[in-house]
1. GNM, chain B, Cα, under 10 Å: largest mean-square fluctuation among B:Arg19, B:Arg36, B:Arg78?
2. Give me the Debye-computed log₁₀ of I(q)/I(0) at q = 0.12, 0.13, 0.21 Å⁻¹ for chain A, equal point scatterers on Cα only, no solvent, two decimals.
3. Among B:Asp110, A:Asp83, B:Asp115, which comes first, then next, by fewest other beta-carbon atoms within 10 Å?
4. Among B:Ile16, B:Ile122, B:Ile55, which comes first, second and so on when ranked by fewest other beta-carbon atoms within 10 Å?
5. What is the Cα radius of gyration of region B:76-206 over 2.2 N^0.38 Å, N being its residue count?
6. Among the DSSP beta bridges whose two residues both lie in chain A, what percent are antiparallel, rounded to the nearest 5?
7. Return the distance in nm (one decimal) between the two label points of a simple spin-label model at B:Asn118 and B:Arg188, each offset 7 Å from Cα along Cα→Cβ.
8. Quote the FRET efficiency, to the nearest 0.05, computed for B:Arg19 versus B:Ile99 with a Förster distance R0 of 35 Å and r equal to the Cβ-Cβ distance.
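Readers should treat all values here as calculations from the given coordinates under stated rules, not as data from a laboratory. This is a predicted model, so every value here is computed, not measured. Neighbour counts run over all protein chains shown; Cβ positions are idealised from the backbone, glycine included.
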Amino acid sequence: MRYPGSPLMAQSHHVVLVFPDSREAPVEVPEGTFILDAAMQAGLSLPYTCLQGWCITCAARVLNAPAHECVDNHAALRYYDADAEAGFVLLCTGKPLRDCRISVYQSAAMKVHRRQHRLPAPLG
Amino acid sequence: MTNKPHASGRVPVGDISQRVGVEQLELRGVDVAALREKLIDAAGAEFTTYYYYTILRMWLAGNEDYKEICEDARLEDRAHFEFVTPRIYELGGGIPRDIRDFADRAGCPDAYLPDNPNAEKILTVLLEAERCAIRTWSEVCDLTFGKDPRTYDIASRILQEEVEHEAWFIELLAKERGEGPRPSGHFRRGEPGEAPYSKNHPFYNP
């Protein structure tokens, strides 16, 4: 149980992952932990390849706020301001900054976004 | 009328605009266009890794044992690029005309020389590059298993070597970090870049 103001409150963020079939999976993400790691620890199966914030296989989209307010993606090796402005985040290298709702399986959409902005991305 | 069931098919006699080698994959459920794109991303990663490993190897100066092993991985990654690229063309695709486009779409991160490089940092970059390659080729194996034996064979041979590379770098990193031995279980290659799985084919693969 989480109590307002308790140390636990400050040490984790409540992230709701929304799947393409509208199913929702809540995940508690400890401070400083990557969202993908926490989701996998919770037994969820999500796509990923490089685990270094490059290949965008794990791409997701923040639903409830500007992406840069919800997820810190500084650990990603290739992540652009335009990605954040469009709401995209990379779960493998993204740490939540607050409670948030995130739509997963967004790799195809992020590839389209990168192409539209003439930004590099794997195409396969 | 022939009674040989494989003597003809959907591709008309003499038609060079289509490939039976592609048609048969599609009939077995392979999304050939998607597979082709994934192979180009993977080939781009092998090529860029070969390039960046050249720099990393240089900076392992003084660690001659590490340098030799990095050289094996470097040359074998080049062999992987050589090995998979013909398959992309067979599937009706090709690699980008501009090498910048090729590097941009590589499926794994650029293996940059780390800031203030030392052996441990360089070995960490090498290790993570191999791990990305393992995940990539495992995915290609999954996409082709039981449906596209030719691509599967290429991917699985490359995967064999990437798994060995990971084991090498774990062994060296354990030593460098003083964490005690974590043996790879392997001895040295016969020749630099021997690529025992991806270069033992009878066709030309320099």
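1. Most flexible of the set in this elastic network: B:Arg19.
2. -0.40, -0.46, -1.18
3. Neighbour counts put them in this order, fewest first: B:Asp115, B:Asp110, A:Asp83.
4. So the residues, fewest neighbours to most, are B:Ile16, B:Ile55, B:Ile122.
5. 1.15
6. Values: 14 of 18 bridges.
Within chain A, antiparallel bridges account for around 80 percent of the total.
7. Taking the two extended label points, one gets 2.7 nm.
8. Working: r = 27 Å, r/R0 = 0.76.
About 0.85, to the nearest 0.05.
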